[in-house]
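Comments concern the structure below.
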Amino acid sequence: MATKHVLLVNNNFATMRGLALALQEQPDFEVEQCTELHDAVVLAISHPFDLVLMDVSLIGKPGVAPKPLQFNQPVVALCQAATTEILALAISAGARGLLHYTDLTAEDLCETLRHFDPRNLLLSATPADWLRKISRYRLTGNSTSALTPRESEMIEALANGKTRAVIAHEFNISKQTVKTHLGRVFEKLQVASAEEAVAKWREINRPPGSRK
């Protein structure tokens, strides 16, 4: 697996250290750290980072129009309390996702970042109201081509009637990781529930001659 180079930007030392350690323990992650936004922008100019992880507080405050992020690399915002206002702030500034990292284990965080695709919004949780309120930010349509192999396996298992607990057991991953995978599937298929995801997945994958 290719090494993913990550720039971690956070002005909370304890939080940044914890996140950095979680990533650095994995052989396929290399991490640089900055506490100031200006320093991070300068560092990113001269380093080929694959991804910038930035605390959302450095982007701005909810309700105030943020300045566009000055990174050439995709940015994923980090937050401790996920709300639609914080999500709107991050996406409006140009971030490609929002991770509520206090809900993620170290394993889930690494697995989520490994499969990150900047063409799609990355959300650590996707409640129905989030999906409705951020519809104007979506980039994907009625296609499963953007799904990763693991995401395709997740939605196929769900379509076969398996519960999240059973899927987690069969794939030897945590239930939170299953939730993360399915959240990305829901976002890519532009649906708000498992039932809608299964219905759309079946429709898209139905042989052309059998479609209405």
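Structure notes:
Rundown of residues vs (1) at pLDDT 80 or above; (2) in contact with a Ser or Thr (Cβ under 6 Å, 6 or more places away or on another chain); (3) more than 22 Å from L37 (Cα to Cα), yes/no style:
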residue	(1), (2), (3)
C79	yes, no, no
L89	yes, no, no
A93	yes, no, no
N142	no, no, yes
A159	yes, no, yes
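- Out of V6, V56, V52, V31, sole residue that is farther than 19 Å from L123 by Cβ, modelled with pLDDT of 85 or more and not small (G, A, S): V31
- Scan of region 41-68 for residues that are of a type in the set (V, I, T) and closer than 15 Å to R96 by Cβ, ordered by number: V52, V56, I59
- Qualifying position, being of a type in the set (D, E, K, R), under 19 Å from the mean Cα position of the chain (by Cα) and surrounded by fewer than 19 Cβ atoms within 10 Å (Cβ to Cβ), among E36, E32, E85: E85
- Condition check for L69: in the same structural domain as A106 (by TED's automatic domain parsing) and surrounded by 14 or more Cβ atoms within 10 Å (Cβ to Cβ): yes
- Residue in region 72-85 that is assigned by TED's automatic domain parsing to the domain that holds H115, over 23 Å from R119 (Cα atoms) and of a type outside the set (A, V, I, L, M) present: yes
- Qualifying residue in region 176-192 (condition: free of Cβ contacts under 8 Å to residues at least 24 places away in the same chain and among the small types (G, A, S)): no
The values are calculated or read from the model by the stated rules, or taken from the named source; none is laboratory data. Because the structure is a prediction, the values reported are computed rather than measured. Because the Cβ atoms are built from the backbone with ideal geometry, glycine has one as well, and the counts that use them run over all protein chains shown.
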